[in-house]
Structures are given as structure tokens and as C-alpha cells.
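None of the figures in this text is laboratory data; all of them are computed from the coordinates on show. Remember, predicted model here, so these are calculated numbers, not experimental data.
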Amino acid sequence: MRPWHRAMVTTGVLGDMGGSLPVQNVKELASKYPEYIPLRYIRPEVESDDIVVDGSLQTPVIDMSNFVMGQVGYEEELTKLHTACKEWGFFQLINHGASEAIEHMKVVTEEFFKLPLEEKMACAQVPNNIEGYGQAFVVSEDQKLDWGDMLFILPLPASRRNLSFWPQNPTSFKSTLEEYSSKLQSISTTLLGLMAKNLGVNPEELTSKFEDCIQGIRTNYYPPCVHADKVMGLAPHSDSVGLTLLIHVNEVQGLQIRKNHKWHSKKSGNGLTSLKDYVIRVKEGQKDIFYTIGESEKAVKNALFKTEEERAVENSPSKAEEEAGLKLDDEIEEEKQKKIMSNGEYSSIEHRAMVNVEQERLSIAAFHSPNMEAEIGPLPDFAQKTGAKYKQ
């Protein structure tokens, strides 16, 4: 689990989140030395990943306008949501009511990353704090680096905001982020309630844990790279918070998700190449939101994380018996590393961000975690039905 996820989920501390070592600004590096890539950015595995265009694999699309009790299509949309959470851990939201806030947020995000470096550095990260402008999760002088810069801010809870990391330029950034933060928190609460219904539990049991939630918003800038086949904008991972809402600021493709033990790629155009690895490259919708289930949400719901490797052997009784059992709070953080077998109701999905040869790519991710007073563990109603897999 990444450092700030661990702090937010298990300790509730918003101050010391481990921080990140300072590294060279990637936009400046790409601008000054377009043909040069430092060794720390080169990812040999990227070159070995073969990408296939496969239009047959469609990402789930959830229409939020159908979630009106008693309306025709309500139950059908609930079923679609349950299937998307259970089989994908990832889906696209439409008709969510936040299009205006999204468009405003896109504008200020593009304006911020266009600023001269010295102006952006006014919001730079400081030691032992994940907030600010820079690159996240750099904990070693030897680790591989992502080909991208980011600005990370914690808008919620409002009482814990640190405005020293909020850009003063563009001048509308603060009010725009506040509006965006509020809209996405509302959407998240609605989704959590609907998922609780699908799990057969009282929605209040789940949504109450996200009242006064911890929300982190990360704006990402991925410069173009002439050697895009050698770098990654963001390394493969699954989000460790409750849920993530992601939007794409421009139309440059780059989001990739792993599905069915393979990487598949989907983009416009015809053609199919049969190779050993596959990647789904999701085409970004201008006003659509992509949603991913996070690990703390699975813990709250009593649904354990399942990796692709685990799914490949999940029918093995001996493995299941060996690794089944109750997990302690701080063991939740290590689910991916330990590759624990699970029969979780909802599962997370692995994804990554790639870069473009000629064009910059921008995105905005909003992470939502339970409030600092919440105890992370199985919901009582759900645990009674399925048997607890976590302790509080």
C-alpha cells in the first residue's frame, strides 16, 4: 500500500504521510532534453508488453440518471452496478450531474500546469508530507520513476485543509476545487449507498463511515515522450482507498486496466494482433467519470482484494484453506504483497497510465477514504451472511 493510503486508512493522520524525495521536474526534463531519458525512468517491462486492439471487451457504463426509486430501469441499473463492481472493480459513470464542475476543474488544471516552473514550485511538496506539487511515492534514490508530475491536495475534511499547497494562480483554482470536491463527494456517497443495497445491507452502515470523509485530489501531467515505449506515466497499481473517481482533462489516451489475467488494449480503428500480453486502453470520455473500487472499501464491505494471480488459482481448496481466516487492521495494507486467496464479493482492478509520443496527457483522480473516526472492518449485516474475513 502506498504511504499516504496507509496513513489515511489506518491512522487517520493527515500531517505526516511519509512524503516523497525530491526529483527532477519531468515536464522541464522533457522540454530541455526531448531525446534523453534518465535510466531511472526506463521500464524494460513496457517494451515487452504487447498491446492488442480488441473492441469486443466493453467497459461497464453506469447511467446515474436511472437511480431514481420507482423509475423504470432502476432495478436493471442496480444489477449492472453490482456486476460492474463484482466482475470489474471499474466502470464509467454518465449523467452524474457534475459536468459543469468537471469542465471548470479541467480548465484550472490545464492553466496550472502551463505556469512557469517557479510559479508551480510555490506549491511544492515539503518533507514528510504528500501534499503539494512534485512526484509522489519516491522513497528511494534507486527506485524507478514515473514519467509525470502531479499536484496532490487534501480538500476534505475541510477543517484539516492546508491552503499553503493550494495554487494562488489561476485565481479561480480554490473556488473551483471546492465546487469539484463537493460534487464528487456527493457522487461517492450516492454510489456507496447503492452498493450497500446491492450487498443487502443498510446503506447507512456504509455511508456513515464516509461522512466527513478524507478526500485527496491528484491532478496529473504526463509530458509527451519520444520514447513512450520505454516509460510509464504511472506504474501498475490498484487504489487502496475506499473509491476513486477519475476524469480525463484532454482526449489523449493512456489509461490502461488489466482484465481476465491479461492486458488488453482498446482504441479506435481496426486491427487485432495476437500476442502474449494484452492491455485494455480505455478511451476517455470528455465528461465521463471512471470509477475504481479501492481496498479500504473492500475491507469495510468484508470483500477482500483479489489479484489476477489469485484468481488463476482461486479454485484450489488447499490454498484457500491455508490462507483463509481473519485479518488484522494493519494486515489490510499488505493484501497485494501477500497475494492472499479470497472469495471477495467486490474486487479491485489493476491499472496504469501510459504516455503519448507527441501529446501531453492530463487527468484528475479523486480518492475517498472513510473518516478518521471510522473503524475499518466487515459491516455487521454482511458479515453475518458471509462470515467475517477481517477483524475491526
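Debye sum, Cα scatterers, region 175-215, no solvent: what log₁₀ I/I(0) at q = 0.21, 0.23, 0.35 1/Å?
Ignoring solvent entirely, the Cα scatterers give -0.63, -0.71, -1.13.
Which links in Lys32/Lys120; Lys86/Lys209; Lys144/Lys259; Lys80/Lys259; Lys27/Lys174; Lys27/Lys259 stretch past 29 Å when you go from one Cα to the other?
Lys27/Lys259
In whole Hz, with x marking every Gly and Pro, tabulate ³J(HN,Hα) for region 23-31 from phi via Karplus 6.51 cos²θ - 1.76 cosθ + 1.60, θ = phi - 60°.
9, 5, 5, 6, 4, 5, 4, 5, 6
What ³J(HN,Hα) values, in whole Hz, does the Karplus curve 6.51 cos²θ - 1.76 cosθ + 1.60 give for region 171-177 when θ = phi - 60°, with x put for Gly and Pro?
Computed from phi, the couplings for region 171-177 are 5, 8, 4, 4, 5, 5, 5 Hz.
What are the principal axis extents of the Cα atoms in region 191-240, in Å, biggest first?
For region 191-240, the Cα extents along the three principal axes come out at 52, 22, 14 Å.
Name the residues whose placed amide hydrogens come within less than 5 Å of the amide hydrogen of Leu255, ignoring near sequence neighbours (fewer than 5 apart) on the same chain.
Val282, Met354
In terms of the ratio Rg/(2.2 N^0.38 Å) built on C-alpha atoms, what value belongs to region 114-184?
1.20
Once the principal axes of the Cα atoms of region 174-262 are found, what is the range along each, listed largest first in whole angstroms?
51, 41, 20
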